[in-house]
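The values are calculated or read from the model by the stated rules, or taken from the named source; none is laboratory data. Only a predicted model underlies this, so the values are computations on that prediction, with no experimental measurement involved. Counting neighbours? That spans all protein chains shown, and the Cβs are built from the backbone with ideal geometry, glycine included.
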């Protein structure tokens, strides 16, 4: 019973944030995707410990477990527009490969800088003792 309650609370929190962000985007007419704003708001709320991780944990595990089902409509869309995609296959593939490489490079640089900062922070902390 407790797990069902936690699942429901997580569902209500995540979708409440999403609907709030959709309302905010529609109200302010800002050209920004509501789901991305929702992710940012959820991150801020979790970081500030306004929302506890335990509250949304069960629902997030469920979403991650069945994530492939959420991509099925996109796959059906790919099949439906196969002729358009096949005509533009080279630009699509170029975009996929270039952005993948850029993301890998940016992630590597970011991770390297975080590790350097962490080491420097630990060295300074030890030096102060």
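Results, tabulated for the structure shown:
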| item | result |
| --- | --- |
| From 101, 84, 79, residue being modelled with pLDDT of 95 or more and part of a helix (DSSP H, G or I) | 101 |
| Sole residue being exposed (fewer than 10 other Cβ atoms within 10 Å of the Cβ) and either touching a helix residue (DSSP H, G or I) at 6+ places or on another chain (Cβ under 7 Å) or outside the structural domain of residue 2 (by TED's automatic domain parsing) (or both), chosen from 117, 90 | 90 |
| Residues located in the range 8-34, provided they are closer than 22 Å to residue 55 by Cβ and modelled with pLDDT under 90 | 34 |
| Failed condition for residue 41, given (1) more than 13 Å from residue 10 (Cβ to Cβ); (2) in the same structural domain as residue 4 (by TED's automatic domain parsing); (3) free of Cβ contacts under 8 Å to residues at least 24 places away in the same chain; (4) surrounded by 10 or more Cβ atoms within 10 Å (Cβ to Cβ) | (3) |
| Exclusive hit being within 23 Å of residue 3 (Cα to Cα) and either outside any helix (DSSP H, G or I) or in contact (Cβ under 8 Å) with a residue 60 or more places away in the chain (or both), set 63, 30, 56, 50 | 50 |
| Meets criteria (in a helix (DSSP H, G or I) and loosely packed, with under 10 Cβ neighbours inside 10 Å) for residue 69 | yes |
| Members of the range 62-76 that are in contact with a helix residue (DSSP H, G or I) (Cβ under 9 Å, 6 or more places away or on another chain) and either more than 30 Å from residue 45 (Cα to Cα) or modelled with pLDDT of 85 or more (or both) | 62, 63 |
